[in-house]
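Heads up: the structure comes next, in structure tokens.
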């Protein structure tokens, strides 16, 4: 074989590195690199800086922290995404989302709330509000001296 064909067969960006097929039942903390597809049942926590694909037959009950997630099955749990959340028909999502980019197709079910954030923002709005309040408390004390 030539080097080009060998390179094409190695997992790369966007290629699925692991697959939990229909009939699989996993409980625990799942961490991975690359793209992982779930078509079975998964309960627990999912952590990755890469992509999770939730297939149509999947039932996921987990707290999810990913870069990108594509949902076509059922997800129950909160999602924090630094990249993108996609909910595609016939997907169902029951939980809150925090992401800079969201796509929800017509015909899916979504019950929860969504907070659109930018990945670059390091200070949460609540932290910024507290800093302002602290600064305001300090200013009157300085004026009274």
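The values are calculated or read from the model by the stated rules, or taken from the named source; none is laboratory data. Note that the structure is a prediction, hence the values are computed from the model and not measured. Cβ atoms come from the backbone with ideal geometry, glycine included; neighbour counts cover every protein chain shown.
Looking across segment 97-111, the residues that are outside any strand (DSSP E or B) and in contact with a strand residue (DSSP E or B) (Cβ under 7 Å, 6 or more places away or on another chain) come down to 100, 101, 105, 108. Surrounded by fewer than 21 Cβ atoms within 10 Å (Cβ to Cβ), out of contact with any strand residue (DSSP E or B) (no Cβ under 7 Å at 6 or more places or on another chain), farther than 15 Å from residue 117 by Cα and at pLDDT 95 or above: does that describe residue 76? In short, no. Just so you know, in segment 16-33 the residues that are more than 16 Å from residue 75 (Cα to Cα), surrounded by 14 or more Cβ atoms within 10 Å (Cβ to Cβ) and over 14 Å from the mean Cα position of the chain (by Cα) include one that is modelled with the lowest pLDDT, and it is 17.
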